[in-house]
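*Asks:* Quick one: structure below, then a few questions.
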Amino acid sequence: MTIDEWKKKSSGIKKYAHFDPRVSVEQVWDNISSPDWVEKHGFYPFISYEQVYYRYSKEKGRYKKIRPICYSAHIDRCIYQYYGYLINEKYNSRVEKEGIGSVAIAYRNNLNKNNIDFSKQAFDFIRSYPEAYIIVGDFTDFFNNLDHAYLKDRLCDLMECSKLPGDYYAVLKNITKYSYWELKDILELNGLPDTIEGRTQLNNNDTALTMECFRQNKKKHLKRNTDLGIPQGSAISAVLSNVYMLQADILMNQMVKSIGGLYMRYSDDFIVIIPSGDAAFFLDMYNKIMHIINEIPKLELKQEKTQVYLYAENNVTNCNKLINPELEQGKNILNYLGFSFDGKRVFIRDKTISKYYYRMYRKARSIRKANGVTKYGNIISNKKIYEKYSIKGSKQDDRNRHQKGNFITYVIRASSVYMDDDAVGKVISNHMVKIKRATRRNSLK
């Protein structure tokens, strides 16, 4: 991607309120593209909050998950975006040179593929062998546990220098040993509740706090991150996570590729495919993989999410107990990047489908609770439910390419990639009937 292409893609002003006025990359280009200016720039604190969201599964039902999110000041965001671009360009060149361009598949600006394509690549690779062992896993609190010294070493290695240039050092220092201010305290200082309405009202302001209020309260509310991790949500965090894993990706790919296997990593999720049905050979490879992972500071596998499978005779069998007799024996279905594979068919994960229907039924119930009328007395139409949850909201352009739409748009995209797997698109076969029944129960007009 050229710098002009990147600038065009990164144009625009973010709507959220922060400690500084809203600016675009174009407006501050002369500053952020000057290494001397960036080196001397005083970065603002991040604003931090916990993103609470709910998931649904058949086993657990509805359950809550919490993710810590930090977002940067507007000028800092422009800096992080620009240096993220510069580092990503160096990263792309390096992985091509190392022959691992298709290993790290998340946060890349030159692959022009998505999780649908990557999952199909993995499943097709498995199917190309009569037998194969597969490891699927992810790393514990990946972003929160990145070791700062190791990250700096990897960045120096990428840039082929023993000491980072002053501007790069300033950026790295402020994304690792960063300061932050909790959103709830900012809302309180503005006399606003910690609710969606309160946050919306705050974001209508020119800045999150006046400069006078900022100075008077920073000693009380300012907190610092000094030990481990980088903030999730910043414009540079994704590419730095790839830099952190670069050496591990090189070693892992060399080892797995030497035996005709496949290794792919999507952020903190990875898959290793070993084309052999020999258990002893697999265990030897597994121990070598664990050795590489253990050599990376603070990199730790989530034991409960690490799954091992054997593919043979067009069947997938869970083999967790092969690596640890104390592990729970999982289902005989391989889940990867939102898709499931049982050895014969590929289909969208039950968890994803359950979430889709859960949200649809919840929307229908909320309308029923309101008796089909908004708080302003207007009649609620079925149109919005169909727009958000049915094929009617799946937008297409004149070339029949699906643009931003809804979950059904995603299913149709997946079906177009998995052309030979009818099970992928099966979820939409009766979704209109279910929506119609839900709206009938609510007696909507």
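The values are calculated or read from the model by the stated rules, or taken from the named source; none is laboratory data. What you are looking at is a predicted structure, and each value in this text was computed from that prediction instead of being measured. Positions of Cβ are generated from backbone atoms using ideal geometry, with glycine treated the same way; all protein chains shown enter the neighbour counts. Accessible surface is based on the protein model in full, side chains and every heavy atom, while ligands, DNA and RNA are left aside. Shrake-Rupley method; radii C 1.70, N 1.55, O 1.52, S 1.80 Å.
*Asks:* Could you give every pair whose Cβ atoms fall below 6 Å, whose first residue belongs to segment 358-377 and is open to solvent by less than 100 Å² (accessible area, probe 1.4 Å) and assigned to a helix (DSSP H, G or I), and whose second residue is modelled with pLDDT under 70 and not β-branched (Val, Ile, Thr), counting only separations of at least 6 or pairs across chains?
*Replies:* Tyr358/Tyr56; Ala364/Asn442; Ile367/Asn442
*Asks:* Here's a follow-up. Tell me which helices (runs of 4 or more DSSP H) are completely within segment 1-62 and hold 1 or more residues being modelled with pLDDT of 95 or more, of a type outside the set (Ser, Thr, Tyr) and surrounded by 13 or more Cβ atoms within 10 Å (Cβ to Cβ), or say none if there are none.
*Replies:* Answer list for segment 1-62: 29-32, 35-40.
*Asks:* Between Asp141, Asp153, Asp117, which is part of a helix (DSSP H, G or I) and modelled with pLDDT under 95?
*Replies:* Of Asp141, Asp153, Asp117, the one residue that is part of a helix (DSSP H, G or I) and modelled with pLDDT under 95 is Asp117.
*Asks:* Pairs please, first residue from segment 261-281 and farther than 23 Å from Leu240 by Cα and assigned to a loop (DSSP other than H, G, I, E, B), second anywhere and open to solvent by 20 Å² or more (accessible area, probe 1.4 Å) and among the hydrophobic types (A, V, I, L, M, F, W, C), Cβ atoms under 8 Å, 6+ apart in sequence or on different chains.
*Replies:* Filtered contacts from segment 261-281: Pro275/Ile259; Ser276/Ile259; Gly277/Leu310; Gly277/Ala312.
Let's see how each residue does on (1) over 28 Å from the mean Cα position of the chain (by Cα); (2) more than 30 Å from Ala149 (Cβ to Cβ); (3) among the charged types (D, E, K, R); (4) open to solvent by 100 Å² or more (accessible area, probe 1.4 Å):
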{"residue": "Ile186", "(1), (2), (3), (4)": "no, yes, no, no"}
{"residue": "Pro193", "(1), (2), (3), (4)": "yes, yes, no, no"}
{"residue": "Asp206", "(1), (2), (3), (4)": "yes, yes, yes, yes"}
{"residue": "Cys213", "(1), (2), (3), (4)": "yes, yes, no, no"}
{"residue": "Lys219", "(1), (2), (3), (4)": "yes, no, yes, yes"}
{"residue": "Lys223", "(1), (2), (3), (4)": "no, no, yes, no"}
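*Asks:* Please go through segment 152-161 and pick out each residue that is surrounded by fewer than 21 Cβ atoms within 10 Å (Cβ to Cβ) and not charged (D, E, K, R).
*Replies:* Within segment 152-161, Cys156, Leu158, Met159, Cys161 qualify.
*Asks:* Out of (1) touching a strand residue (DSSP E or B) at 6+ places or on another chain (Cβ under 7 Å); (2) surrounded by 17 or more Cβ atoms within 10 Å (Cβ to Cβ); (3) farther than 19 Å from Met264 by Cβ; (4) of a type outside the set (Phe, Trp, Tyr), what's the single condition that is false for Gly137?
*Replies:* In the conditions (1) touching a strand residue (DSSP E or B) at 6+ places or on another chain (Cβ under 7 Å); (2) surrounded by 17 or more Cβ atoms within 10 Å (Cβ to Cβ); (3) farther than 19 Å from Met264 by Cβ; (4) of a type outside the set (Phe, Trp, Tyr), Gly137 misses (3) alone.
*Asks:* Against the conditions (1) closer than 30 Å to Tyr85 by Cβ; (2) in contact with a helix residue (DSSP H, G or I) (Cβ under 6 Å, 6 or more places away or on another chain); (3) not acidic (Asp, Glu), where does Ala132 fall short? Just the number, please.
*Replies:* Here Ala132 clears every test but (1).
*Asks:* Additional query: In segment 164-200, how many are small (Gly, Ala, Ser) and in contact with a strand residue (DSSP E or B) (Cβ under 9 Å, 6 or more places away or on another chain)?
*Replies:* Total meeting the criteria: 1.
*Asks:* Right, next: Out of everything in segment 396-437 that is part of a loop (DSSP other than H, G, I, E, B) and open to solvent by less than 50 Å² (accessible area, probe 1.4 Å), what residue ends up being modelled with the lowest pLDDT?
*Replies:* Restricting to residues being part of a loop (DSSP other than H, G, I, E, B) and open to solvent by less than 50 Å² (accessible area, probe 1.4 Å), the top hit is Asp397.
*Asks:* Sticking with this structure for a sec: Please state which of the following conditions Leu164 fails to meet, knowing it meets all the rest: (1) free of Cβ contacts under 8 Å to residues at least 40 places away in the same chain; (2) open to solvent by 50 Å² or more (accessible area, probe 1.4 Å); (3) touching a helix residue (DSSP H, G or I) at 6+ places or on another chain (Cβ under 8 Å).
*Replies:* In the conditions (1) free of Cβ contacts under 8 Å to residues at least 40 places away in the same chain; (2) open to solvent by 50 Å² or more (accessible area, probe 1.4 Å); (3) touching a helix residue (DSSP H, G or I) at 6+ places or on another chain (Cβ under 8 Å), Leu164 misses (2) alone.
*Asks:* Could you go through segment 270-281 and let me know if any residue there is open to solvent by 30 Å² or more (accessible area, probe 1.4 Å), under 28 Å from the mean Cα position of the chain (by Cα) and not small (Gly, Ala, Ser).
*Replies:* Within segment 270-281, none of the residues are open to solvent by 30 Å² or more (accessible area, probe 1.4 Å), under 28 Å from the mean Cα position of the chain (by Cα) and not small (Gly, Ala, Ser).
*Asks:* Can I ask one more? Would you be able to tell me the number of residues in segment 305-333 that are free of Cβ contacts under 8 Å to residues at least 24 places away in the same chain and touching a Leu at 6+ places or on another chain (Cβ under 9 Å)?
*Replies:* Here the count works out to 4.
*Asks:* On the given criteria, is Cys70 assigned to a helix (DSSP H, G or I) and either touching a Ser or Thr at 6+ places or on another chain (Cβ under 9 Å) or at pLDDT below 90 (or both)?
*Replies:* Against the criterion (assigned to a helix (DSSP H, G or I) and either touching a Ser or Thr at 6+ places or on another chain (Cβ under 9 Å) or at pLDDT below 90 (or both)), Cys70 does not qualify.
*Asks:* Scan segment 308-348 for residues that are open to solvent by 70 Å² or more (accessible area, probe 1.4 Å) and part of a loop (DSSP other than H, G, I, E, B) and report the count.
*Replies:* Residues that pass the stated criteria total 10.
*Asks:* With respect to Gln81, is the statement that it is open to solvent by 40 Å² or more (accessible area, probe 1.4 Å), in contact (Cβ under 8 Å) with a residue 24 or more places away in the chain and part of a helix (DSSP H, G or I) true?
*Replies:* No.
*Asks:* Any idea which of (1) in a helix (DSSP H, G or I); (2) open to solvent by 10 Å² or more (accessible area, probe 1.4 Å) is the one Ser102 doesn't satisfy?
*Replies:* Failing condition for Ser102: (1).
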